[in-house]
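Engineer: I'd like to ask some things about the structure below.
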Amino acid sequence: MHNIIIFDTTLRDGEQSPGASMNTNQKIQIALQLEKLGVDIIEAGFAASSEGDFDAIAQISKELQNTKICSLARAVESDIKKAGDSIAKAKHQRIHTFIATSPIHMKYKLKISSDEVIKRAVAAVSYARTFVEDVEFSLEDAGRSDIGFMKDITDAVLDVGAGTINLPDTVGYRLPFEIYDMVETMAKHIGKRAIISLHNHNDLGLAVANTLAGITAGARQVECTINGLGERAGNAALEELVMAIKVRKDHYDKFDTNINTRHISPTSKLVATITGIQPQPNKAIVGKNAFSHESGIHQDGVLKHKQTYEIMKPKDIGVEENHTIVLGKLSGRAAFRDKVLSMGFDNLSETELKRLFDRFKLLCDMKKTVHDDDIRFIISDERLNKDKLYELKSVQINNCTGGLATATIAIVHDEQTYSDASIGDGAIDAVFKAIDRVTKQTGKLMDYQVQAVGEGKDALAKVVCKVKFGDAAFNVIGHGLNIDTVLASARAYLGALNSYLSMSENSPHDKHEV
Ligand code: KIV
Ligand code: ZN
(Lines give C-alpha, C1' and ligand atoms only; values in the text may rest on other atoms or scores of the structure.)
(Ligands and ions follow the chains in the order given, each with its own letter.)
Protein backbone atom coordinates (compact mmCIF):
# COMPACT_ATOMS: atom_id res chain seq x y z
CA MET A 1 0.00 0.00 0.00
CA HIS A 2 1.33 3.46 -0.92
CA ASN A 3 0.38 6.47 1.10
CA ILE A 4 -0.16 9.45 -1.16
CA ILE A 5 1.22 12.49 0.65
CA ILE A 6 -1.35 15.28 0.61
CA PHE A 7 0.43 18.62 0.38
CA ASP A 8 -2.10 21.40 0.81
CA THR A 9 -1.25 24.80 -0.63
CA THR A 10 -4.55 26.61 0.03
CA LEU A 11 -2.72 29.15 2.20
CA ARG A 12 -0.06 29.83 -0.43
CA ASP A 13 -1.10 29.12 -4.04
CA GLY A 14 -4.77 29.29 -2.94
CA GLU A 15 -4.20 32.73 -1.50
CA GLN A 16 -2.90 33.78 -4.91
CA SER A 17 -6.48 33.48 -6.23
CA PRO A 18 -7.63 36.97 -7.12
CA GLY A 19 -9.28 38.50 -4.06
CA ALA A 20 -8.45 35.66 -1.67
CA SER A 21 -6.09 37.45 0.72
CA MET A 22 -6.53 36.37 4.33
CA ASN A 23 -5.35 37.75 7.65
CA THR A 24 -3.32 35.80 10.18
CA ASN A 25 -6.27 34.77 12.34
CA GLN A 26 -8.14 33.48 9.29
CA LYS A 27 -5.08 31.54 8.13
CA ILE A 28 -4.72 29.95 11.56
CA GLN A 29 -8.39 28.87 11.49
CA ILE A 30 -7.84 27.23 8.10
CA ALA A 31 -4.57 25.60 9.17
CA LEU A 32 -6.22 24.08 12.26
CA GLN A 33 -9.04 22.76 10.11
CA LEU A 34 -6.57 21.30 7.58
CA GLU A 35 -4.82 19.51 10.43
CA LYS A 36 -8.17 18.05 11.49
CA LEU A 37 -8.80 17.02 7.89
CA GLY A 38 -5.57 15.04 8.01
CA VAL A 39 -3.41 16.72 5.38
CA ASP A 40 0.24 15.69 5.69
CA ILE A 41 1.88 19.00 4.79
CA ILE A 42 0.57 22.56 4.84
CA GLU A 43 2.33 25.08 2.66
CA ALA A 44 1.56 28.01 4.94
CA GLY A 45 2.87 30.83 2.76
CA PHE A 46 5.72 32.55 0.99
CA ALA A 47 7.65 34.08 3.89
CA ALA A 48 9.65 36.60 1.88
CA SER A 49 6.59 38.04 0.17
CA SER A 50 5.46 40.20 3.11
CA GLU A 51 5.73 40.68 6.85
CA GLY A 52 2.15 39.48 7.09
CA ASP A 53 2.95 36.19 5.35
CA PHE A 54 6.01 35.64 7.51
CA ASP A 55 4.02 36.29 10.64
CA ALA A 56 1.17 34.00 9.62
CA ILE A 57 3.60 31.13 8.87
CA ALA A 58 5.36 31.67 12.20
CA GLN A 59 2.09 31.64 14.13
CA ILE A 60 0.74 28.58 12.32
CA SER A 61 4.05 26.86 13.08
CA LYS A 62 3.44 27.36 16.79
CA GLU A 63 -0.19 26.19 16.69
CA LEU A 64 0.04 22.90 14.80
CA GLN A 65 1.06 19.65 16.43
CA ASN A 66 1.11 16.90 13.83
CA THR A 67 1.14 18.48 10.39
CA LYS A 68 4.36 19.41 8.66
CA ILE A 69 4.63 23.15 7.93
CA CYS A 70 6.23 24.18 4.68
CA SER A 71 7.45 27.64 3.73
CA LEU A 72 8.04 28.62 0.10
CA ALA A 73 11.18 30.40 -1.13
CA ARG A 74 12.60 31.38 -4.50
CA ALA A 75 16.10 30.02 -5.08
CA VAL A 76 17.51 33.14 -3.46
CA GLU A 77 19.47 33.24 -0.20
CA SER A 78 17.37 35.96 1.47
CA ASP A 79 14.11 34.12 0.66
CA ILE A 80 15.44 30.87 2.05
CA LYS A 81 16.56 32.52 5.27
CA LYS A 82 13.08 34.01 5.73
CA ALA A 83 11.51 30.62 4.99
CA GLY A 84 13.78 28.89 7.50
CA ASP A 85 13.15 31.50 10.19
CA SER A 86 9.40 31.46 9.64
CA ILE A 87 9.09 27.74 10.47
CA ALA A 88 11.74 27.65 13.20
CA LYS A 89 9.09 26.91 15.86
CA ALA A 90 7.25 24.22 13.87
CA LYS A 91 7.42 20.64 15.19
CA HIS A 92 7.76 19.32 11.64
CA GLN A 93 9.40 21.56 9.06
CA ARG A 94 9.99 21.76 5.34
CA ILE A 95 11.44 24.40 3.03
CA HIS A 96 10.19 24.40 -0.55
CA THR A 97 12.46 26.21 -2.99
CA PHE A 98 11.97 26.59 -6.72
CA ILE A 99 13.42 27.94 -9.92
CA ALA A 100 12.03 27.89 -13.45
CA THR A 101 13.44 25.25 -15.79
CA SER A 102 11.53 25.77 -19.06
CA PRO A 103 13.33 27.43 -21.98
CA ILE A 104 10.72 30.20 -22.15
CA HIS A 105 11.04 31.05 -18.43
CA MET A 106 14.84 30.83 -18.39
CA LYS A 107 15.19 33.03 -21.48
CA TYR A 108 12.53 35.71 -20.91
CA LYS A 109 11.85 35.73 -17.16
CA LEU A 110 15.12 34.78 -15.49
CA LYS A 111 17.35 35.84 -18.41
CA ILE A 112 20.05 33.38 -17.36
CA SER A 113 21.60 30.27 -18.88
CA SER A 114 20.56 26.75 -17.94
CA ASP A 115 23.97 26.24 -16.28
CA GLU A 116 23.30 29.24 -14.06
CA VAL A 117 19.85 27.84 -13.20
CA ILE A 118 21.46 24.60 -12.01
CA LYS A 119 24.02 26.58 -9.99
CA ARG A 120 21.32 28.60 -8.26
CA ALA A 121 19.20 25.52 -7.60
CA VAL A 122 22.13 23.70 -5.99
CA ALA A 123 23.04 26.74 -3.87
CA ALA A 124 19.41 27.13 -2.78
CA VAL A 125 18.93 23.51 -1.76
CA SER A 126 22.30 23.38 0.03
CA TYR A 127 21.49 26.54 1.97
CA ALA A 128 17.96 25.34 2.78
CA ARG A 129 19.48 22.14 4.21
CA THR A 130 21.35 24.26 6.78
CA PHE A 131 17.91 25.13 8.25
CA VAL A 132 15.95 21.89 7.86
CA GLU A 133 16.36 18.23 6.98
CA ASP A 134 13.40 18.20 4.66
CA VAL A 135 13.80 20.22 1.45
CA GLU A 136 11.52 20.13 -1.56
CA PHE A 137 12.77 21.41 -4.90
CA SER A 138 10.40 22.49 -7.67
CA LEU A 139 11.26 22.71 -11.35
CA GLU A 140 8.85 25.56 -12.09
CA ASP A 141 7.10 25.06 -15.44
CA ALA A 142 8.32 21.46 -15.59
CA GLY A 143 5.33 20.83 -17.87
CA ARG A 144 7.14 22.78 -20.61
CA SER A 145 10.72 21.86 -19.71
CA ASP A 146 13.16 19.66 -21.58
CA ILE A 147 13.28 16.20 -20.02
CA GLY A 148 17.08 15.93 -20.37
CA PHE A 149 17.56 19.20 -18.52
CA MET A 150 15.03 18.11 -15.89
CA LYS A 151 17.12 14.99 -15.23
CA ASP A 152 20.34 17.03 -14.96
CA ILE A 153 19.00 19.59 -12.51
CA THR A 154 17.28 16.86 -10.50
CA ASP A 155 20.55 14.92 -10.17
CA ALA A 156 22.31 18.08 -9.04
CA VAL A 157 19.79 18.98 -6.30
CA LEU A 158 19.50 15.37 -5.12
CA ASP A 159 23.26 15.33 -4.59
CA VAL A 160 22.96 18.22 -2.13
CA GLY A 161 20.04 16.82 -0.17
CA ALA A 162 16.64 17.56 -1.76
CA GLY A 163 14.14 14.92 -0.60
CA THR A 164 11.18 15.73 -2.82
CA ILE A 165 11.20 16.69 -6.48
CA ASN A 166 8.14 18.61 -7.56
CA LEU A 167 7.22 18.73 -11.25
CA PRO A 168 4.67 21.52 -11.64
CA ASP A 169 2.54 22.03 -14.69
CA THR A 170 2.65 25.71 -13.80
CA VAL A 171 0.52 26.93 -16.70
CA GLY A 172 -1.93 24.01 -16.82
CA TYR A 173 -0.96 23.08 -20.37
CA ARG A 174 -0.46 19.34 -20.27
CA LEU A 175 -2.85 16.47 -20.98
CA PRO A 176 -3.12 13.42 -18.70
CA PHE A 177 -1.16 11.03 -20.94
CA GLU A 178 1.68 13.58 -21.21
CA ILE A 179 1.89 13.97 -17.43
CA TYR A 180 1.90 10.17 -17.18
CA ASP A 181 4.85 9.95 -19.59
CA MET A 182 6.78 12.73 -17.84
CA VAL A 183 6.33 11.19 -14.38
CA GLU A 184 7.10 7.67 -15.62
CA THR A 185 10.38 8.87 -17.20
CA MET A 186 11.37 10.88 -14.14
CA ALA A 187 10.39 8.07 -11.76
CA LYS A 188 12.69 5.65 -13.65
CA HIS A 189 15.49 8.19 -13.50
CA ILE A 190 15.07 9.12 -9.83
CA GLY A 191 14.31 5.67 -8.48
CA LYS A 192 14.36 5.60 -4.68
CA ARG A 193 16.42 8.78 -4.37
CA ALA A 194 13.43 11.08 -3.82
CA ILE A 195 9.67 11.38 -3.74
CA ILE A 196 8.07 12.74 -6.89
CA SER A 197 5.45 15.40 -6.37
CA LEU A 198 2.93 16.95 -8.76
CA HIS A 199 1.52 20.46 -8.73
CA ASN A 200 -0.94 20.90 -11.56
CA HIS A 201 -2.78 24.06 -12.51
CA ASN A 202 -6.26 23.93 -13.94
CA ASP A 203 -6.14 26.21 -16.99
CA LEU A 204 -7.62 23.49 -19.22
CA GLY A 205 -9.74 22.00 -16.45
CA LEU A 206 -7.38 19.01 -16.25
CA ALA A 207 -5.51 19.56 -12.98
CA VAL A 208 -7.16 16.67 -11.13
CA ALA A 209 -7.08 14.30 -14.13
CA ASN A 210 -3.39 15.12 -14.70
CA THR A 211 -2.56 14.53 -11.04
CA LEU A 212 -4.36 11.18 -11.00
CA ALA A 213 -2.49 10.14 -14.15
CA GLY A 214 0.77 11.12 -12.43
CA ILE A 215 -0.05 8.98 -9.38
CA THR A 216 -0.51 5.96 -11.61
CA ALA A 217 2.91 6.71 -13.15
CA GLY A 218 4.74 6.98 -9.80
CA ALA A 219 4.10 10.35 -8.12
CA ARG A 220 3.69 9.92 -4.37
CA GLN A 221 2.99 13.49 -3.28
CA VAL A 222 0.20 15.67 -4.67
CA GLU A 223 -0.08 19.41 -4.23
CA CYS A 224 -3.64 20.66 -4.06
CA THR A 225 -6.00 23.20 -2.57
CA ILE A 226 -9.41 23.21 -0.95
CA ASN A 227 -12.14 24.08 -3.49
CA GLY A 228 -9.43 24.10 -6.18
CA LEU A 229 -8.40 27.66 -5.29
CA GLY A 230 -5.17 28.99 -6.74
CA GLU A 231 -3.48 31.22 -9.26
CA ARG A 232 -5.68 31.89 -12.35
CA ALA A 233 -7.94 28.84 -12.90
CA GLY A 234 -6.63 27.32 -9.68
CA ASN A 235 -4.89 24.12 -8.61
CA ALA A 236 -6.01 20.51 -8.40
CA ALA A 237 -8.87 20.35 -5.87
CA LEU A 238 -7.96 18.32 -2.78
CA GLU A 239 -11.51 17.03 -2.31
CA GLU A 240 -11.71 15.73 -5.90
CA LEU A 241 -8.35 13.97 -5.75
CA VAL A 242 -9.02 12.35 -2.40
CA MET A 243 -12.52 11.22 -3.30
CA ALA A 244 -11.38 9.85 -6.67
CA ILE A 245 -8.81 7.69 -4.86
CA LYS A 246 -11.40 6.60 -2.30
CA VAL A 247 -14.39 6.01 -4.59
CA ARG A 248 -12.31 4.26 -7.27
CA LYS A 249 -10.60 1.85 -4.90
CA ASP A 250 -10.97 -0.78 -7.64
CA HIS A 251 -8.36 1.13 -9.65
CA TYR A 252 -6.38 2.77 -6.81
CA ASP A 253 -6.31 -0.36 -4.64
CA LYS A 254 -2.65 0.19 -3.78
CA PHE A 255 -3.12 3.80 -2.68
CA ASP A 256 -4.46 5.56 0.33
CA THR A 257 -4.36 8.98 1.99
CA ASN A 258 -4.49 10.14 5.61
CA ILE A 259 -7.51 12.34 4.92
CA ASN A 260 -10.57 11.97 7.11
CA THR A 261 -13.04 12.64 4.33
CA ARG A 262 -15.84 13.52 6.78
CA HIS A 263 -14.07 16.83 7.36
CA ILE A 264 -14.10 17.74 3.66
CA SER A 265 -17.39 19.63 3.61
CA PRO A 266 -16.74 21.66 6.81
CA THR A 267 -13.27 22.54 5.50
CA SER A 268 -14.65 23.60 2.14
CA LYS A 269 -17.28 25.77 3.86
CA LEU A 270 -14.70 27.39 6.11
CA VAL A 271 -12.40 28.23 3.19
CA ALA A 272 -15.34 29.58 1.15
CA THR A 273 -16.48 31.72 4.07
CA ILE A 274 -13.04 33.13 4.76
CA THR A 275 -12.08 33.84 1.17
CA GLY A 276 -15.57 34.88 0.07
CA ILE A 277 -15.13 32.58 -2.94
CA GLN A 278 -18.00 30.11 -3.07
CA PRO A 279 -17.50 26.96 -5.16
CA GLN A 280 -19.77 26.94 -8.21
CA PRO A 281 -23.04 25.09 -7.42
CA ASN A 282 -22.18 22.19 -9.75
CA LYS A 283 -18.59 21.87 -8.44
CA ALA A 284 -17.71 18.20 -7.89
CA ILE A 285 -17.85 16.98 -4.27
CA VAL A 286 -18.42 20.32 -2.50
CA GLY A 287 -20.79 22.28 -4.78
CA LYS A 288 -24.25 23.02 -3.39
CA ASN A 289 -25.82 20.73 -6.00
CA ALA A 290 -23.24 17.94 -5.86
CA PHE A 291 -25.70 15.60 -4.14
CA SER A 292 -29.09 16.94 -5.21
CA HIS A 293 -31.18 15.10 -7.75
CA GLU A 294 -33.43 17.32 -9.83
CA SER A 295 -34.87 15.07 -12.52
CA GLY A 296 -37.93 13.02 -11.61
CA ILE A 297 -36.36 9.85 -13.02
CA HIS A 298 -33.25 10.35 -10.88
CA GLN A 299 -35.29 11.13 -7.75
CA ASP A 300 -37.35 8.03 -8.30
CA GLY A 301 -34.22 5.91 -8.76
CA VAL A 302 -32.53 7.30 -5.63
CA LEU A 303 -35.63 6.68 -3.55
CA LYS A 304 -35.70 3.06 -4.73
CA HIS A 305 -31.99 2.47 -4.32
CA LYS A 306 -29.46 5.23 -3.57
CA GLN A 307 -26.69 3.77 -5.68
CA THR A 308 -28.72 4.10 -8.87
CA TYR A 309 -27.51 7.68 -9.12
CA GLU A 310 -25.07 8.16 -6.21
CA ILE A 311 -21.46 7.00 -6.38
CA MET A 312 -20.63 8.26 -2.90
CA LYS A 313 -22.59 9.07 0.23
CA PRO A 314 -23.00 12.72 1.26
CA LYS A 315 -22.04 11.77 4.79
CA ASP A 316 -18.68 10.43 3.57
CA ILE A 317 -17.64 14.02 2.97
CA GLY A 318 -19.38 15.34 6.08
CA VAL A 319 -22.62 16.58 4.55
CA GLU A 320 -25.55 16.16 6.92
CA GLU A 321 -28.45 14.62 5.03
CA ASN A 322 -31.05 16.27 7.21
CA HIS A 323 -30.60 19.50 9.09
CA THR A 324 -31.14 18.33 12.62
CA ILE A 325 -33.07 20.64 14.83
CA VAL A 326 -30.90 21.45 17.78
CA LEU A 327 -31.78 22.82 21.08
CA GLY A 328 -34.49 25.19 22.16
CA LYS A 329 -34.97 28.20 24.36
CA LEU A 330 -34.89 26.10 27.52
CA SER A 331 -31.68 24.25 26.77
CA GLY A 332 -28.90 24.77 29.26
CA ARG A 333 -25.20 25.33 28.75
CA ALA A 334 -24.31 21.65 29.29
CA ALA A 335 -26.66 20.54 26.52
CA PHE A 336 -25.26 23.26 24.28
CA ARG A 337 -21.70 22.13 24.98
CA ASP A 338 -22.63 18.50 24.15
CA LYS A 339 -24.20 19.58 20.89
CA VAL A 340 -21.20 21.65 19.86
CA LEU A 341 -18.84 18.77 20.73
CA SER A 342 -20.95 16.31 18.75
CA MET A 343 -20.55 18.62 15.75
CA GLY A 344 -16.78 18.24 15.96
CA PHE A 345 -15.89 21.58 17.62
CA ASP A 346 -13.74 20.07 20.33
CA ASN A 347 -11.23 22.87 20.81
CA LEU A 348 -13.37 25.73 22.10
CA SER A 349 -12.20 27.58 25.19
CA GLU A 350 -14.55 28.27 28.11
CA THR A 351 -14.69 31.96 27.14
CA GLU A 352 -15.59 31.07 23.54
CA LEU A 353 -18.25 28.65 24.78
CA LYS A 354 -19.78 31.30 26.99
CA ARG A 355 -19.94 33.85 24.17
CA LEU A 356 -21.39 31.26 21.82
CA PHE A 357 -23.99 30.19 24.35
CA ASP A 358 -25.06 33.82 24.83
CA ARG A 359 -25.43 34.22 21.07
CA PHE A 360 -27.34 30.95 20.86
CA LYS A 361 -29.78 32.18 23.50
CA LEU A 362 -30.29 35.46 21.65
CA LEU A 363 -30.95 33.48 18.50
CA CYS A 364 -33.53 31.32 20.27
CA ASP A 365 -35.44 34.51 21.06
CA MET A 366 -35.53 35.46 17.39
CA LYS A 367 -35.94 32.13 15.61
CA LYS A 368 -38.48 29.41 16.08
CA THR A 369 -36.03 26.61 15.38
CA VAL A 370 -32.24 26.62 15.57
CA HIS A 371 -30.45 24.17 13.27
CA ASP A 372 -26.98 22.68 13.22
CA ASP A 373 -26.10 25.04 10.38
CA ASP A 374 -27.05 28.08 12.49
CA ILE A 375 -24.73 26.89 15.27
CA ARG A 376 -21.94 26.16 12.79
CA PHE A 377 -22.19 29.65 11.31
CA ILE A 378 -22.29 31.35 14.72
CA ILE A 379 -19.07 29.53 15.61
CA SER A 380 -17.29 30.55 12.44
CA ASP A 381 -18.62 34.12 12.78
CA GLU A 382 -17.26 34.32 16.35
CA ARG A 383 -13.88 32.97 15.31
CA LEU A 384 -13.55 35.13 12.24
CA ASN A 385 -14.46 38.29 14.09
CA LYS A 386 -12.01 37.65 16.92
CA ASP A 387 -9.63 40.51 16.15
CA LYS A 388 -12.00 43.26 17.07
CA LEU A 389 -10.34 46.64 17.16
CA TYR A 390 -13.75 48.16 16.55
CA GLU A 391 -16.89 46.53 17.84
CA LEU A 392 -20.39 47.37 16.73
CA LYS A 393 -22.58 48.54 19.58
CA SER A 394 -25.76 49.72 17.88
CA VAL A 395 -27.28 50.68 14.55
CA GLN A 396 -30.35 52.79 14.02
CA ILE A 397 -31.92 53.33 10.63
CA ASN A 398 -34.38 55.94 9.41
CA ASN A 399 -35.69 55.30 5.95
CA CYS A 400 -36.46 58.49 4.10
CA THR A 401 -38.50 58.93 0.96
CA GLY A 402 -36.92 58.41 -2.47
CA GLY A 403 -34.61 55.59 -1.35
CA LEU A 404 -32.45 57.70 0.95
CA ALA A 405 -31.81 56.49 4.49
CA THR A 406 -30.03 57.78 7.58
CA ALA A 407 -27.93 55.48 9.74
CA THR A 408 -26.73 56.29 13.24
CA ILE A 409 -23.93 54.04 14.41
CA ALA A 410 -22.28 53.49 17.78
CA ILE A 411 -18.93 51.69 17.82
CA VAL A 412 -16.74 50.68 20.74
CA HIS A 413 -13.01 51.25 20.39
CA ASP A 414 -10.51 51.06 23.26
CA GLU A 415 -13.38 50.75 25.72
CA GLN A 416 -14.92 54.03 24.58
CA THR A 417 -18.05 54.46 22.52
CA TYR A 418 -18.04 56.68 19.46
CA SER A 419 -21.05 57.52 17.33
CA ASP A 420 -21.91 59.35 14.16
CA ALA A 421 -24.56 59.39 11.45
CA SER A 422 -24.69 59.48 7.69
CA ILE A 423 -27.15 59.61 4.84
CA GLY A 424 -26.88 56.99 2.10
CA ASP A 425 -28.62 55.49 -0.90
CA GLY A 426 -30.54 52.96 1.14
CA ALA A 427 -29.93 51.63 4.63
CA ILE A 428 -26.83 49.59 3.88
CA ASP A 429 -25.00 52.38 2.07
CA ALA A 430 -25.86 54.74 4.95
CA VAL A 431 -24.49 52.23 7.49
CA PHE A 432 -21.20 51.81 5.63
CA LYS A 433 -20.77 55.58 5.31
CA ALA A 434 -21.52 56.08 9.01
CA ILE A 435 -18.89 53.43 9.89
CA ASP A 436 -16.37 55.28 7.69
CA ARG A 437 -17.15 58.50 9.54
CA VAL A 438 -16.74 56.97 12.99
CA THR A 439 -13.53 55.13 12.17
CA LYS A 440 -12.08 57.83 9.88
CA GLN A 441 -11.52 55.33 7.10
CA THR A 442 -12.64 55.29 3.50
CA GLY A 443 -13.80 51.94 2.25
CA LYS A 444 -14.78 51.11 -1.31
CA LEU A 445 -17.16 48.17 -1.56
CA MET A 446 -15.79 45.76 -4.18
CA ASP A 447 -18.25 42.92 -3.68
CA TYR A 448 -21.28 42.27 -1.49
CA GLN A 449 -23.08 38.95 -1.05
CA VAL A 450 -26.04 37.97 1.11
CA GLN A 451 -26.89 34.34 1.67
CA ALA A 452 -29.58 32.73 3.79
CA VAL A 453 -28.31 30.21 6.33
CA GLY A 454 -30.92 27.47 6.40
CA GLU A 455 -34.47 27.76 5.23
CA GLY A 456 -37.57 29.73 6.17
CA LYS A 457 -38.43 33.38 6.58
CA ASP A 458 -36.50 33.54 9.82
CA ALA A 459 -33.26 32.24 8.26
CA LEU A 460 -30.10 34.03 9.34
CA ALA A 461 -28.57 36.41 6.81
CA LYS A 462 -24.91 35.78 6.15
CA VAL A 463 -23.26 38.80 4.55
CA VAL A 464 -19.82 38.84 2.97
CA CYS A 465 -18.28 42.21 2.08
CA LYS A 466 -15.14 42.62 0.04
CA VAL A 467 -13.74 46.09 0.69
CA LYS A 468 -10.73 48.13 -0.38
CA PHE A 469 -9.70 50.61 2.30
CA GLY A 470 -7.82 53.81 1.52
CA ASP A 471 -5.16 53.22 -1.11
CA ALA A 472 -4.40 49.64 -0.02
CA ALA A 473 -3.21 47.34 -2.80
CA PHE A 474 -5.44 44.52 -1.59
CA ASN A 475 -9.08 43.87 -0.74
CA VAL A 476 -10.19 42.50 2.59
CA ILE A 477 -13.16 40.35 3.41
CA GLY A 478 -15.54 40.70 6.33
CA HIS A 479 -18.37 38.46 7.48
CA GLY A 480 -21.52 39.23 9.37
CA LEU A 481 -24.29 36.99 10.59
CA ASN A 482 -27.60 38.18 11.93
CA ILE A 483 -31.28 37.68 11.53
CA ASP A 484 -31.36 41.28 10.28
CA THR A 485 -29.58 41.90 6.97
CA VAL A 486 -28.64 45.49 7.80
CA LEU A 487 -27.03 44.45 11.07
CA ALA A 488 -25.26 41.54 9.37
CA SER A 489 -23.97 44.02 6.76
CA ALA A 490 -22.69 46.40 9.44
CA ARG A 491 -20.85 43.54 11.15
CA ALA A 492 -19.39 42.37 7.84
CA TYR A 493 -18.13 45.83 6.88
CA LEU A 494 -16.63 46.40 10.30
CA GLY A 495 -15.14 42.90 10.18
CA ALA A 496 -13.43 43.82 6.91
CA LEU A 497 -12.06 46.99 8.50
CA ASN A 498 -10.74 45.07 11.51
CA SER A 499 -9.11 42.60 9.15
CA TYR A 500 -7.54 45.41 7.11
CA LEU A 501 -6.13 47.04 10.23
CA SER A 502 -4.71 43.76 11.47
CA MET A 503 -3.03 43.17 8.10
CA SER A 504 -1.74 46.59 7.12
CA GLU A 505 1.70 47.44 8.42
CA ASN A 506 0.79 51.07 9.02
CA SER A 507 -2.30 50.28 10.92
CA PRO A 508 -3.76 53.50 12.23
CA HIS A 509 -4.80 51.94 15.58
CA ASP A 510 -2.25 53.86 17.56
CA LYS A 511 -2.78 57.02 15.57
CA HIS A 512 -6.51 56.81 16.04
CA GLU A 513 -8.05 60.09 17.15
CA VAL A 514 -11.80 59.67 17.00
O1 KIV B 1 2.76 26.69 -10.14
C2 KIV B 1 3.93 26.62 -9.73
O3 KIV B 1 4.87 26.29 -10.47
C4 KIV B 1 4.19 26.97 -8.34
C5 KIV B 1 5.55 26.69 -7.82
C6 KIV B 1 6.01 27.74 -6.87
C7 KIV B 1 5.57 25.33 -7.21
O8 KIV B 1 3.27 27.39 -7.64
ZN1 ZN C 1 1.28 26.94 -8.55
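Engineer: Could you compute how much accessible surface ARG174 exposes when probed at 1.4 Å, giving the result in Å² to the nearest 10?
Structural biologist: Ignoring ligands and nucleic acids, ARG174 comes out at about 60 Å².
Engineer: Next up: Could you tell me which of the pairs LYS315/LYS368; LYS283/LYS468; LYS68/LYS288; LYS68/LYS192; LYS367/LYS393 are separated by over 25 angstrom between their Cα atoms in the structure shown? It would help to have the intermediate numbers written out before the result.
Structural biologist: Details: LYS315/LYS368 27 Å; LYS283/LYS468 29 Å; LYS68/LYS288 31 Å; LYS68/LYS192 22 Å; LYS367/LYS393 22 Å.
Those over the limit are LYS315/LYS368; LYS283/LYS468; LYS68/LYS288.
Engineer: How do VAL286, VAL135 rank by accessible surface area computed with a 1.4 Å probe, from largest to smallest? It would help to have the intermediate numbers written out before the result.
Structural biologist: Working: VAL286 25, VAL135 0 Å².
Greatest to least solvent exposure: VAL286, VAL135.
Engineer: Additional query: Please give the per residue accessible area of segment 391-506, computed with a probe of 1.4 Å over protein heavy atoms only, in Å².
Structural biologist: On the way: 5520 Å² over 116 residues.
Counting only protein heavy atoms, the per-residue value for segment 391-506 is 48 Å².
Engineer: Could you give the angle, 0 to 90 degrees to the nearest 10, between helix 207-217's Cα long axis and the longest principal axis of the Cα atoms of the chain?
Structural biologist: The angle comes out at about 40 degrees.
Engineer: Note the angle between two axes, namely the Cα long axis of helix 333-342 and the longest principal axis of the Cα atoms of the chain, as a number of degrees from 0 to 90, rounded to the nearest 10.
Structural biologist: Taking the Cα atoms of the chain, the angle to 333-342 is about 30 degrees.
Engineer: Something else now. Considering only Cα-Cα distances, which of the following residue pairs are longer than 22 Å: LYS27/LYS462; LYS82/LYS269; LYS27/LYS388; LYS269/LYS339; LYS119/LYS188? It would help to have the intermediate numbers written out before the result.
Structural biologist: Numbers: LYS27/LYS462 20 Å; LYS82/LYS269 32 Å; LYS27/LYS388 16 Å; LYS269/LYS339 19 Å; LYS119/LYS188 24 Å.
Over 22 Å Cα-Cα: LYS82/LYS269; LYS119/LYS188.
The values are calculated or read from the model by the stated rules, or taken from the named source; none is laboratory data. Because the structure is a prediction, the values reported are computed rather than measured. We work out accessible area using only protein heavy atoms, side chains counted, and drop any ligands, DNA or RNA first. Shrake-Rupley method; radii C 1.70, N 1.55, O 1.52, S 1.80 Å.
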